[in-house]
Amino acid sequence: MWLSALDVPARVRGDKWDSLLHVERSPAKRLCRCVTGRKVGGFRRALVWARVSAVGADSGGTKEMVRTIAAALLVTVAGTAGGQAITGFSGGTQFGAWDATQPGVVGWRFDVNTPIILTDIGVFNGDIDGLTANHEVGLWDSAGNLLTQGVAGPGGTALGQFTYSSVEDVVLTPGERYTIGAVYDINDGDSYVSGPSVLNLAPEINPTTNGVFPDTGDLGGLFFPTGDSTNLARLGTNFLYRPIPAPASLALLGLGGVAACRRRR
């Protein structure tokens, strides 16, 4: 049985965001685990799961050990921070929607060269008036299965030319072709960029992207867009991600937790 231990506020030197780590402990198993890590008052950054032996630790020992784990986790997270999938672009033409009468999904297809975790979805906010409406955003696999969805709009957090909202974490793996897209309606007042001439991507994203649009049967809402274009992307959407820590890093983290517990004894 896992018991809620405490929420540990922590900050890594040189890091400009505060974090809150929630840790649980199992007295029967003599184990502790850090189940969540997030930025207080902003993006949820890391959902790090660490299971650490807590040999003979009582509640006081758990608290001391937890703070040690918190610092180690934050160092791990800070060292493997991700960012935006699309880091910049130039060129292209802005449009309000694909279809003049019905809403439809526009976006882009991509694959990754190393496993990453998608944490937030965003929509383009770079037109003159900024965002005026909420947009449904979806992520699909190559078979058209919806992996996650969310809503991004004026109430989200702006980062560069995109505004983001958090979604449940999704692990993206090499060998799968993903599609991310947002619903645009000609009446919502917002726009996306079609056919950028230059598309700058994070190193974990392969430069083999292409834009997508809704075929006639895909119109009407958040449906998998089956139309493929030869351009680099239809930039209605972007996403935030973080890398998956290497197994060696997590192993070192576990050893550090064990050492902390033994010192307490």
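Things to note:
- For the criterion of being under 23 Å from Phe89 (Cα atoms) and more than 19 Å from the chain's Cα centre (by Cα), Gly156 fails.
- Qualifying residue in segment 137-150 (condition: surrounded by 14 or more Cβ atoms within 10 Å (Cβ to Cβ) and more than 15 Å from the chain's Cα centre (by Cα)): yes
- Residues in segment 62-99 that are in a loop (DSSP other than H, G, I, E, B) and modelled with pLDDT under 85 were compared, and the one that is farthest from Thr216 (Cα to Cα) is Thr80.
- Some residue of segment 119-130 being in contact (Cβ under 8 Å) with a residue 40 or more places away in the chain and over 18 Å from Asp190 (Cβ atoms): yes
- Asn113, sole failed condition from (1) surrounded by fewer than 18 Cβ atoms within 10 Å (Cβ to Cβ); (2) out of contact with any His (no Cβ under 8 Å at 6 or more places or on another chain); (3) at pLDDT below 95: (3)
- For segment 128-147, filtering for residues that are among the small types (Gly, Ala, Ser) and closer than 15 Å to Ala182 by Cβ leaves 2.
- Set side by side, the residues Leu118, Leu159 differ, and just one is within 30 Å of Gly175 (Cβ to Cβ), of a type outside the set (Val, Ile, Thr) and surrounded by 17 or more Cβ atoms within 10 Å (Cβ to Cβ), which is Leu118.
- Where a residue in segment 158-181 is within 25 Å of Ser229 (Cα to Cα) and assigned by TED's automatic domain parsing to the domain that holds Val193 and its partner, wherever it lies, is in a loop (DSSP other than H, G, I, E, B) and of a type in the set (Val, Ile, Thr), with Cβ under 7 Å and at least six apart: Pro174/Thr114
- Matching option when the condition is free of Cβ contacts under 8 Å to residues at least 40 places away in the same chain, under 14 Å from Gly236 (Cβ atoms) and in the same structural domain as Ser191 (by TED's automatic domain parsing), among Gly138, Gly150: Gly150
- Qualifying positions in segment 101-110 - modelled with pLDDT under 95 and either surrounded by 14 or more Cβ atoms within 10 Å (Cβ to Cβ) or assigned to a strand (DSSP E or B) (or both): Gln102, Pro103, Gly104
For (1) assigned to a loop (DSSP other than H, G, I, E, B); (2) of a type in the set (Val, Ile, Thr), each residue gets a yes or a no:
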residue: Glu168; (1), (2): no, no
residue: Gly181; (1), (2): no, no
residue: Asp190; (1), (2): yes, no
residue: Val193; (1), (2): no, yes
residue: Gly220; (1), (2): yes, no
residue: Asn231; (1), (2): yes, no
residue: Phe239; (1), (2): no, no
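The values are calculated or read from the model by the stated rules, or taken from the named source; none is laboratory data. Note that the structure is predicted; figures quoted are calculated from it, not measured. With ideal geometry, Cβ positions are generated from the backbone for all residues, glycine too; neighbour counts draw on all protein chains shown.
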